[in-house]
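Right, one structure below, let's go through it.
The values are calculated or read from the model by the stated rules, or taken from the named source; none is laboratory data. It should be emphasised that the depicted structure is a prediction, and the values quoted were computed from it without experimental measurement. Every residue, glycine as well, gets a Cβ built from its backbone with ideal geometry; the counts of neighbours run over all protein chains shown.
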Amino acid sequence: MHCSNGADFSRKSVCHESPVHSASHRPATVLPASLHSTARLPHTAAVLPVLLLVSALLLTGCSDQRKQAGRLVTEGTELRGAGRNAEALRKLSQATALAPELAEAHYGRGLCLSALDRPAEAVIALETAVRLKPDWAEALHALGTAQLKDHDPISAEQTLTRAIETDARLTAAWFARSEIRLQSLQDSAALHDLDAVLRRAPDHREARLRRARLLLESHPEQAIEDLSVLLQHDRLNTEALLLRGRAWGNAGNQQRALSDLAAACQLQPEMQVAWRERGRQLRITGDPEAARKDLQHALQLAPQDTETLFELALTEKLQGDRTEAERLLLQVLALAPEHPAARLESARLLMENEQHSDAARILAGMIEDPVLSALKPAILGDARLLLATALEQLKQPETALQQTTILLAERPHDETTRRLHAELLQQLSRSEEALKELTWLLSQRHEDAELRLQRAGLQAEIGDDTAALQDLNLILATTPEHAPALMLRASVLKSLENPVAALQDVDQLLLLPAVSSDVRRLRADLLTQLQREPEADAEYLHPDLFPQATEQILLRLIAAAGQTGGTAAQQELLDRAITACPAALSTTLQIQHAELLLEQGQLSKALTTLEQLPENERQQPHVLLLTARIQLANEHPHEAVRLLQQIPEDSRTPGILQLLADTLIRCGQNTEARQILNQLIEISPAEASPRIQRLKILTELEAWQEAEEDADVVLLNDPDNGHARLVRGMRQAQTGNTAAALTDLESDQVRKLDSTAVVWARCRCLLAAERSTQASAELSRLLQEVPDHDEARLARADLELARGNFREASADYSVLLKKQPQNAELLLKRARLLLKVGRNDAAETDLVQLLRLQPLSAEAWHLRGLARGRMGQRDVARRDLERSLRLDATNINCLFDLADLEVADGRPVAALVLYDAALQLKPDHAIGWYNRGLALYRLNRLAEAADAWTRTIELRPGLDRAWNSRAQARTALGQHSDARRDLEQVLALKPGDPQAWEHYARQLLRCPDPALKDSAQAVLAARKACELSEFRDWKLLSLLAETLQANGQPNEALTWAEQARRTAPTAQRTAPAQLARSLQNQVEGRNAAEPSTKTRTAVAPARTNRL
């Protein structure tokens, strides 16, 4: 009775669960909500069996204590049925205290504790109930539920298994165990449990939904059946629609998939996974634009969803946007580093980019992932296939074969895997196995000529010539000029003792564009087989075939050569044989052969030839030397050193010593090399070669003084030797002989040996020689190679500052100041530069920092005053400049700048005092004299101003503004002729300056001296000014109009006056407008006067004559 009622209770509670985890994303040991509800929410129907049981116990005539316990159980069960678990627990606890052997009391108490979220205590109570009644299936089920809730899934599974074994009809136990098995990745076992549930309860919706999730990837058709059953009862079940859409897609029916997914999206627009899945199916159907829209909508619903990002990456790749696809994949892996599909796709992209090692590393990690093996077998298979391909590209066929073997066990009908498997077997010379694979592939693809040719080659390799011939005949029947098939068939026919037919195939091959030596060798062998020796010999002597001749063929050819051409022909042939044929010759010939092979660069053959010598011969000095030379050519210098050092010292000739020294240098053993070179130099002091070697070592050590002797000796024999010239140039640079040093350091021979020290020395010499362009280029090159070379950067900054390349200089100073922010010299230099380019605020910032470091720096106070003055801060600027002069009264530039400040501040008298003081210290300061003239001009001391500007012109004749200013002063003094000459000098200095022509025109137009006034020349000068300004300056246009008016050309003057009025800004149109009106009146008056004159002329010509 207890058993059946308990089972009903469990089944009813489980039927209301709503699982939320899918098969691919489930936590390891989290208690399912359905199992929680099983323990917490007992139904009233389950209370009655317990009440009946307790009543029966009371009627059996037990003791009063047991009767009291039975009543407490009855009351507790009723309370638990009403959801009053805390009260029920008190009753049931009293019952267990009165009757500890009463299993029902412990069972009820365990259910209450579980409902009150006290799983550990519930487990203890239910274990007691089960101990008292071992075969009570409902108690076992409740215990398993409590154990799972207590985070003990292993014990829970064992307990539920006991419950099922006790009563296989207990559906809830089957269902609960399936959840545990899903969480522990036992998909097959979970599927078995769900099958059991649905056999006993076909209407169990959650079990059917869970089974559909499990079958979704592996058996989509069965998943569709389960989901269709669910949708018959609930057509609005969006989860079922979503899952069935995925199942249809997995089954290859994208149209039905899209139909279900569209319904899911319509029913629940906020369901992000439905939009994502529909986007995936649209991508599969080849509609990337629609797929992108759905996926982007899904991404709006869940911006961090890795599956959506991954699908979008695949869509972008399908569209051809690999860059965007790679970006999205990186985003996926940043959010979920273990995302299997993204890892696989990133590996595939690496493979496409020929990055096989990186791809193999990713794929190997995926294969070793146990979670991936359990959850994503399809992705695992794809990863394994891709890994095999990568390993094959990396020349690791054995490792690749392991992967294809595992994959074929899972995918026996995968043609791609079988093709790769066959290729790997063939690479490993496992022909029989490869043949089986190719035969299977041909059973699927009968028309594949390349597969058939591959199988024919394998058949020939294992001696099955008849089968190979059948395959080759099939290929050549459809493609008669298939060169590989013709070649292979000729070889097969030769093996089948049919040389005539084989020769026909070979002759057909000779008609094709490219003929390989293999074809000629086969033809020669066939001709020999047919006893056509002269023709065969001709083939063997062909340049493509002769190097492959065997010893027997060589003997025959030498004999034939002796018969036809004598010993000379034999010697010639022997020379060819020594260089081309690996024949078993005498020891001497083998050594000569090795030497010739070495000279031709055939190093492995040369080494193989020497290795064939007996051991005692290989230890001879000349053989050791030859072997060392081969190892050197083979880029094995350490092995060459070992061999050379085996040569006894008394057998070491100068040549061997020289080679040993060279090899030691290549190995970086410079100390040992110098010892050998010292021996050579002692043997032959005048010999240049060892000294050159020693020079190389010493130049690498930058030991210029020590290398000077060697350089002198070498230069006697080779004046253009780079190392020697380098040493001489560096020594001359060290001694300050710049010109001579540059002769060597700038030579092509030395440039090939450039190092940081050499380039820096060349830069210093170029700077000393004031060759700024070359110095700048060399400094830039040095800094490109060695960005942290601060000396070079400072030198370049100073150089570019001097050359006027302020931006480059500023950049270099800034780099240096980042490293040395407290370097006063750098701050001062950058401040000077910033002042030059007009960045006065930035210069002030540097100078403020500099004055914190050096408060007594007169130049810093001077420059800060200059910067502040330029920014209009005249009072503080004056204080800074005065502070500078207190620190250094002889600071001429500061005196001039303070004087300029006084002029700008409207105090020319004070400025004159300062100018005089400065000019007394530096009387040849042209700009000082010029500015002094400006101050005098402001004081209307015109003659003195003109004298000051005359002094300026004497010091700097090319200063056009001095000529122009003196012209203004002379004009004011009435010295118009001198003023005109000054303006003409300005034109000579700046012929392209519109203002210069303007001043000249005004001088000619307004000069009060009639002898100097020249309106015609004024017109020309004004027109020139307009041309230079491209007729855009209204003032110059007005001037042109004035000169034309003065020259008696009012009509043309009116035209230019109107042009000036139109060109002038609105606020400045008054003057040109007045000029235009004046000219208009003049023209109109002149036009009005002309008709009356004509009339008078007609009436009284005599009077006209008198006028």
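Could you list, in sequence order, the residues of the range 904-929 that are within 15 Å of Arg961 (Cβ to Cβ) and more than 60 Å from the chain's Cα centre (by Cα)? If the condition is that a residue be within 15 Å of Arg961 (Cβ to Cβ) and more than 60 Å from the chain's Cα centre (by Cα), then Trp929 is the only one that fits. Taking the criterion of being in a helix (DSSP H, G or I) and of a type in the set (Ser, Thr, Tyr), the residues of the range 453-482 that qualify are Thr466, Thr478. State yes or no: is Asp875 under 29 Å from Pro923 (Cα atoms), among the acidic types (Asp, Glu) and buried (at least 21 other Cβ atoms within 10 Å of the Cβ)? No. The set of residues from the range 218-260 being more than 13 Å from Arg208 (Cα to Cα) and small (Gly, Ala, Ser) comprises Ser218, Gly245, Ala247, Gly249, Ala251, Gly252, Ala257, Ser259. The residues listed here are Leu745, Leu753; of these, the one that is within 20 Å of Ser780 (Cα to Cα), in contact with a Cys (Cβ under 8 Å, 6 or more places away or on another chain) and not assigned by TED's automatic domain parsing to the domain that holds Leu799 is Leu745.
Scanning the range 159-218 for residues being without any contact (Cβ under 8 Å) to a residue 60 or more places away in the chain, surrounded by 22 or more Cβ atoms within 10 Å (Cβ to Cβ), within 27 Å of Asn250 (Cβ to Cβ) and of a type in the set (A, V, I, L, M, F, W, C) gives a total of 8. Filtering Leu585, Leu610, Leu596, Leu589 for residues that are in a loop (DSSP other than H, G, I, E, B), modelled with pLDDT under 85, out of contact with any strand residue (DSSP E or B) (no Cβ under 8 Å at 6 or more places or on another chain) and closer than 22 Å to Ile630 by Cβ leaves a single hit, Leu585. In the range 891-901, which residues are surrounded by fewer than 21 Cβ atoms within 10 Å (Cβ to Cβ) and of a type outside the set (S, T, N, Q)? The one that is surrounded by fewer than 21 Cβ atoms within 10 Å (Cβ to Cβ) and of a type outside the set (S, T, N, Q): Ile892.
The combined condition, being in contact with a helix residue (DSSP H, G or I) (Cβ under 7 Å, 6 or more places away or on another chain), buried (at least 19 other Cβ atoms within 10 Å of the Cβ) and within 21 Å of Arg1006 (Cα to Cα), is not fulfilled by Ala1064.
Contact annotation: residue pairs with Cβ atoms under 8 Å, 6 or more positions apart or on different chains, pairing a residue in the range 423-437 that is under 16 Å from Thr399 (Cβ atoms) with a partner that is of a type in the set (Ser, Thr, Tyr), are Leu424/Thr404; Leu425/Ser431. Selection of helices (runs of 4 or more DSSP H) fully inside the range 140-221 by the criterion of at least 1 residues being assigned by TED's automatic domain parsing to the domain that holds Glu104 and within 21 Å of Leu111 (Cα to Cα) returns 153-166, 171-183. When residues in the range 418-452 are screened for being outside any helix (DSSP H, G or I), charged (D, E, K, R) and under 20 Å from Thr389 (Cβ atoms), 3 of them pass.
A quick yes/no check of all residues on (1) outside any helix (DSSP H, G or I); (2) buried (at least 21 other Cβ atoms within 10 Å of the Cβ); (3) at positive phi; (4) touching a Leu at 6+ places or on another chain (Cβ under 9 Å):
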| position | (1), (2), (3), (4) |
| --- | --- |
| Gln693 | no, yes, no, yes |
| Glu702 | yes, no, yes, no |
| Glu709 | no, no, no, no |
| Val713 | no, no, no, no |
| Gly736 | yes, no, yes, no |
| Cys763 | no, yes, no, yes |
| Arg781 | no, no, no, no |
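Residues of the range 795-808 that are assigned to a helix (DSSP H, G or I) and either farther than 17 Å from Arg771 by Cα or among the polar types (S, T, N, Q) (or both): Phe806, Arg807, Glu808. Looking across the range 277-334, the residues that are of a type in the set (S, T, N, Q) and assigned to a loop (DSSP other than H, G, I, E, B) come down to Thr285, Gln304.
Does Gln1049 satisfy the criteria of being of a type outside the set (Gly, Ala, Ser) and farther than 18 Å from Thr1063 by Cβ? So Gln1049 fits the description; yes. Considered as a group, the residues in the range 633-679 that are free of Cβ contacts under 8 Å to residues at least 12 places away in the same chain and not in a helix (DSSP H, G or I) include one that is surrounded by the fewest Cβ atoms within 10 Å (Cβ to Cβ), and that residue is Glu635.
Does any residue of the range 992-1013 turn out to be closer than 21 Å to Thr971 by Cα, polar (S, T, N, Q), within 60 Å of the chain's Cα centre (by Cα) and modelled with pLDDT of 90 or more? Scanning the range 992-1013 turns up at least one residue that is closer than 21 Å to Thr971 by Cα, polar (S, T, N, Q), within 60 Å of the chain's Cα centre (by Cα) and modelled with pLDDT of 90 or more. If the condition is being within 18 Å of Pro220 (Cβ to Cβ), out of contact with any Cys (no Cβ under 9 Å at 6 or more places or on another chain) and buried (at least 20 other Cβ atoms within 10 Å of the Cβ), then the range 257-274 contributes Ala257, Leu258, Asp260, Leu261, Ala264, Val273.
Of all residue pairs spaced 6 or more apart or on separate chains, none has beta-carbon atoms under 7 Å together with a first member in the range 770-789 that is assigned by TED's automatic domain parsing to the domain that holds Leu801 and a second member that is aromatic (Phe, Trp, Tyr) and part of a loop (DSSP other than H, G, I, E, B).
When every residue of the range 826-833 is checked against the conditions, none turns out to be assigned by TED's automatic domain parsing to the domain that holds Arg932, assigned to a helix (DSSP H, G or I) and modelled with pLDDT of 90 or more.
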